[in-house]
Amino acid sequence: MADSEKELRHEKHYRYVSTHDVGYWARSFLQDLERACFDHVRRRWWGIGFGLSFKVVALDPNFRKLSMDHIVSAYKRTTNRAILLDYDGTLMPQVSIDKSPIGKSIEILNSLCRDKNNVVFLVSARSRKTLSEWFSPCENLGIAAEHGYFLR
């Protein structure tokens with residue numbers, strides 16, 4: 001891990017620890033525990049990922065995973081497509097503190113946006129200023145910043 005990444009993570013964790021007391025942590029922990037236990041008998045449990053990114057996810061019994069074949073087939077046969085993409089955790093892994101997009105992401109987004117049948121929106125909690133700066137090369141990309149409060 002780069003030194004700059006270490007520093008950013010340390011600052012983030014220090015800010016959190018210095019602004020939340022033990023009472024907050026205890027309440028938060030108990031709320032998370034109650035939420036995790038609610039209706040757990042009905043859920044189907046899946047292990048996803050490897051190593052440090054491994055997670056156990058509880059899903060509704062009726063949940064179906066999308067197959068790539070189904071997605072490609074539906075994409076090819078439709079003429080009007082709305083593509084909504086989440087930024088943090090989807091386009092950019094959540095493990096990274098430096099969350100600016102890489103060149104390949106910009107290329108792929110521009111490729112999707114060039115198709116006249118696509119309307120592509122990036123959805124994020126980030127500020128419109130940050131997203132507008134990061135995605136200025138994507139002229140036809142719609143941006144829903146600050147949880148959809150601002151649209152471009």
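The values are calculated or read from the model by the stated rules, or taken from the named source; none is laboratory data. In this text, all values refer to a predicted model and were calculated from it rather than measured experimentally. Glycine gets a Cβ as well: all are built from the backbone with ideal geometry, and neighbour counts include every protein chain shown.
Figure legend. Inter-residue proximity from region 35-54: first residues loosely packed, with under 10 Cβ neighbours inside 10 Å, second residues among the aromatic types (F, W, Y), beta-carbon distance below 7 Å, spacing 6+ or different chains. Indicated pairs: G47/F54.
List pairs: first in region 108-137 and more than 17 Å from A82 (Cβ to Cβ), second of a type in the set (D, E) and surrounded by fewer than 17 Cβ atoms within 10 Å (Cβ to Cβ), Cβ under 8 Å, 6+ apart or cross-chain? Matching pairs, first to second residue: A125/D88; A125/E146; R126/D88; R126/E146; S127/E146; R128/E146.
The single condition among (1) out of contact with any Leu (no Cβ under 9 Å at 6 or more places or on another chain); (2) surrounded by 12 or more Cβ atoms within 10 Å (Cβ to Cβ); (3) closer than 21 Å to L8 by Cβ that L59 does not satisfy is (3). A single entry from V72, V41 fulfils the requirement of being under 23 Å from the mean Cα position of the chain (by Cα) and either in a strand (DSSP E or B) or of a type in the set (V, I, T) (or both): V72.
Taken as a whole, the condition of being within 22 Å of L8 (Cα to Cα), surrounded by 15 or more Cβ atoms within 10 Å (Cβ to Cβ) and at pLDDT 90 or above applies to L131.
Based on this model, can you work out whether D69 counts as touching a Ser or Thr at 6+ places or on another chain (Cβ under 8 Å), within 28 Å of V120 (Cβ to Cβ) and not aromatic (F, W, Y)? Judged against the criteria, D69 is not a match.
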